[in-house]
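These notes are about the structure you will find just below.
The values are calculated or read from the model by the stated rules, or taken from the named source; none is laboratory data. Since the model is a prediction, treat every value here as computed from it, not as a measurement. A quick note on method: Cβ atoms are made from the backbone with ideal geometry, for glycine too, and the neighbour counts reach across all protein chains shown. Surface accessibility is based on the protein's heavy atoms, side chains included, excluding ligands, DNA and RNA. Shrake-Rupley method; radii C 1.70, N 1.55, O 1.52, S 1.80 Å.
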Amino acid sequence: QVQLVESGGGLVQAGGSLRLSCAISGRTFITYDMGWYRQAPGKEREFVAAISWSGGRTTYSDSVKGRFTISRDNAKNTISLQMNSLKPEDTAIYYCNVGPRDNTFLSWGQGTQVTVSS
């Protein structure tokens, strides 16, 4: 019934920018906090950023603070992640899902690959 579809990933050079999008299909209204997560090869999935339903509160992991910006458009059921000053260590598959404070997750999507070259 609910599907999360991430897009916008690609290959960029260090210092470059990329904008990711997450489309929520199968449901017209989402009241959860929503967030972005990422998983690099050989590592566990980690939290990146979250945003409240109203968009008034945002939270970022220490590793991306000052470089990434999360936003949402509830009318379109989309969540975005603007990534600036990208570093090779940002290389990972990026996923969207419910924010971590709700202790509940939707089925994970396929994610979108972000690769940052040196």
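A compact table of results
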{"item": "The chain - charge dipole about Cα centre, Lys and Arg +1 at Cβ, Asp and Glu -1, debye rounded to 20", "result": "180"}
{"item": "Kirkwood-based Rg to Rh ratio, the stretch 63-113, C-alpha trace", "result": "0.97"}
{"item": "Rounded FRET efficiency, nearest 0.05, which uses the C-beta distance separating SER54 from GLN82 and R0 of 22 Å", "result": "0.70"}
{"item": "Accessible carbon and sulfur surface of the chain relative to its total accessible area, %, 1.4 Å", "result": "46"}
{"item": "Probe 1.4 Å, protein heavy atoms only - accessible area per residue of the stretch 75-116 in square angstrom", "result": "49"}
{"item": "Kirkwood-Stokes translational diffusion coefficient of the stretch 17-112, alpha-carbon pairs, 25 °C, 0.890 mPa s, µm²/s", "result": "182"}
{"item": "Cross-link partners of LYS65 among lysines (Cα-Cα below 16 Å; sequence separation of 8 or more within a chain)", "result": "LYS87"}
{"item": "The stretch 1-44 - Rg and Dmax from Cα coordinates, angstrom", "result": "13.7, 38"}
{"item": "For the chain, built as a Gaussian network whose Cα springs stay under 10 Å, the top-fluctuating residue of LEU18, LEU81, LEU106", "result": "LEU106"}
{"item": "Per-residue ³J(HN,Hα) for the stretch 13-25, Karplus 6.51 cos²θ - 1.76 cosθ + 1.60, θ = phi - 60°, Hz, x for Gly and Pro", "result": "7, 3, x, x, 10, 8, 10, 9, 10, 10, 9, 9, 10"}
{"item": "FRET efficiency, 1/(1 + (r/R0)^6) with R0 25 Å, evaluated for LYS43 and THR69 via beta carbons", "result": "0.60"}
